[in-house]
Amino acid sequence: MLTRRHIRIKVMQSVYSFSLGQNNNLEKEVLFFKESVGQTFNLYLLLLGLFKSLHAYAEEQLETIQKNKIQNEAQCKILQNFTQNRVLIFFKEHKVLSKQLDNKKLVKWDLEFKFLKDLFIEVSNSQVFKDYHEIENPSEEDDLNFTTKLFKNHIATSNYLYDFVEDNCLTWTDDLPMVNTFLLKMLKHIDLNSPQSLTFPRSIENQEDTDFGIKLLEKVISNDSNLQEELLGKTPNWDAERIAQLDNVILKVAIAELLYFPMIPSKVTLNEYLEIAKDYSTPKSNNFVNGVLDKLVREFDQENRLNKTGRGLL
């Protein structure tokens, strides 16, 4: 599930934290990095758990109406659309998912009652639901299409969800777009007759990428002064005080990758950190980082310091 770019971003965040003096212990920073990788998979489980809780909410509301003999046929039909949706039932009855959620002891969505209520109201008033509601006997494909649109249009874009993950885990806000994309792809290919079609990525499956991240983090922090010296004279039009601290971190991580990872082509490194600069630093950072790294690559190449071998790891 994790990509190399996401690993690089987590390294950059750890180096940035280290540079601010929030943690001056390399071992603790590596531990934080590993925990950050693990938390990405926890976020995926948390979002899957939201489907279970949304189904449970609809069941509870329907039970309340029926128990109290409230005459509200329209609301009953809306609730039944949710309780009878095969995808939501699939998540509800998925034993592995339930076990994973119990083992991780993640935040329970049923404690976020207002969010579930507001989400249910928002979805039930949407055109996506109205179209689905008009289908007399929804097929599995109809259920899948509705649930996919429910996630894409209402859950993944929820401001409440963003605030929730921001409050509960420091690194989840950066993980959320990638996890949303992964979950959306999973929904489009899920087989409701096969519990095995619901995948549970594990951090061990990304061990090679995680090891790359740990090595990169260690190289940057242990060679910080040398990497900083590489920048001397490469920013003639920029005083040290004018260089954004995050730009400085991006440059040092990129230089470490250029010099200490011979299997990764220089072009890959340049492209990756230019994209990271676009997303995480100031509007002018892209041109600045591009100019400095381009100059450094040419200099390293002339001095035979790159020593690139193999086809590279993309």
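Each reported figure results from applying straightforward, stated rules to the coordinates on display, with no laboratory input. Remember, predicted model here, so these are calculated numbers, not experimental data. Positions of Cβ are backbone-derived with ideal geometry, glycine not excepted, and every protein chain shown enters the neighbour counts.
What the table shows:
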item: Ordering of 155-162, 101-108 by packing [mean C-beta count within 10 Å, highest first]; result: 155-162, 101-108
item: Label-to-label distance, nm, for residues given as Q80 and E303 (7 Å Cα→Cβ offset); result: 7.5 nm
item: Exposed GluC sites (Glu not before Pro) absent - longest run of the chain, DSSP non-H/G/I/E/B, at most 10 other C-beta within 10 Å; result: 137-302
item: Max mean-square fluctuation residue, GNM over the chain, Cα-Cα springs under 10 Å, options N226, N81, N248; result: N226
item: Cβ-Cβ FRET estimate between R202 and E27, R0 fixed at 22 Å, reported to 0.05; result: 0.40
item: Cross-link pairs K34/K284; K77/K130; K252/K284; K105/K188; K99/K215; K69/K114 - those with Cα-Cα distance over 22 Å; result: K34/K284; K105/K188; K99/K215; K69/K114
item: Fluctuation leader among N223, N72, N287 - the chain, Gaussian network, Cα springs under 10 angstrom; result: N72
item: Signed unit charges on C-beta, dipole axis of the chain, positive-most listed residue V289, I78, F113; result: V289
item: Of G49, G291, G233, the one that fluctuates the most in a GNM where the chain has Cα springs shorter than 10 Å; result: G233
item: Computed E for L20/K130 - FRET, C-beta separation, R0 45 angstrom, nearest 0.05; result: 0.35
item: Rounded if a/c under 1.5, otherwise prolate or oblate - the chain, Cα gyration tensor axes; result: prolate
